[in-house]
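The numbers here are math on the coordinates, done by the rules we state, and not lab data. From a predicted model like this one, the values you see are computed outputs, not experimental measurements. Quick reminder, even Gly has a Cβ in these numbers, built from the backbone with ideal geometry, and neighbours come from all protein chains shown.
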Amino acid sequence: MVEIGKLYIVATPIGNLEDITLRALRVLKEVDLILCEDTRVTKKMLDRYEIQKPLLSYHHHSKISRIEKIIEHLENGKNLALVSDAGTPGISDPGNELIAKLSPRAKLWEIPELSSRIIPIPGASAITTLASVAGINMSKFSFLGFPPHKKGRETFFREVAEAKHPVIYFESPHRFLKNLELLEKFKPDAKLVVGRELTKMFEEIVRGEIGEIKKYFRDNQGKIKGEFVIILEA
């Protein structure tokens, strides 16, 4: 009988390719197949470390047939690694959806020991990267992912403004200033820690009241690039 394969959930760098663990590199070299959001992004990282492995795309729009293919590989004893484009899979990406669908409760997978065959390989995370240099008490905090694009945006920022503990959320450059204005509507005295391009060449961390943050980036529009990580001090 073929032994069930293992699925490794592997954290990858959020920008600087040196921010990958020795364990992650070993696992990526040993597995039979790597599941990734964008094969081009993952290949760039693998080339940096001279790792040559077959790649299979898995992302938000993957169909159930892709899940079935992944299950087939595991049933055939193949060891797989799941990576996201950056950071830890399962944090604001479809990694958690894959794990849920591989659960015996989902009825797609009938072998209960799978849960012990899903192995986390920890590493870089934009959340903990900014939290580590926030300079505020982060012993308790909430993480809310990306704000909704349309419906639910006001509810999201009202929840952020009323939080009793620090709140971390992600933001795109296209909505950064507009959503700061919405947050200011609910909490005009908000104090923020804003990180952009974390671990990359043009990394910048800005601290201050929301009005100061808005003015800084309005005066420096060229810096509104890359994904932002924002911490609201409670």
Measuring from the lowest to the highest alpha carbon on each principal axis, how far does the range 7-109 reach, largest first, in angstroms?
-> 40, 28, 21
According to a simple spin-label model (label point 7 Å from Cα along Cα-to-Cβ), what is the distance in nm between K215 and K200?
-> 2.8 nm
Packing-based exposure ordering (other Cβ within 10 Å, fewest first) of L130, L56 | L56, L130
Which shape class applies to the chain: rounded if a/c is under 1.5, otherwise prolate when a/b exceeds b/c and oblate if not, where a ≥ b ≥ c are the square roots of the Cα gyration tensor eigenvalues?
-> prolate
Violating pairs (Cα-Cα greater than 19 angstrom) within the set K29/K78; K178/K225; K6/K44; K63/K101; K200/K225 = K6/K44
From DSSP H assignment alone, runs of 4+ in the chain each adding -39500 (n - 2.57), the sum over residues rounded to the nearest 500 puts [θ] at 222 nm at -9000 deg cm²/dmol
Within straight cross-link reach of K69, meaning Cα distance under 12 Å, which aspartates and glutamates are found once same-chain residues fewer than 8 apart are removed?
-> none
Charges only on Cβ, +1 for Lys and Arg, -1 for Asp and Glu: so what's the dipole of the chain about the Cα centre, in debye to the nearest 20?
-> 400 debye
Quick one: if you stick a label point 7 Å off each Cα along the C-beta vector at Y49 and K29, how many nm between them?
-> 0.9 nm
DSSP beta bridges in the chain: the antiparallel percent, rounded to 5, is 55 percent
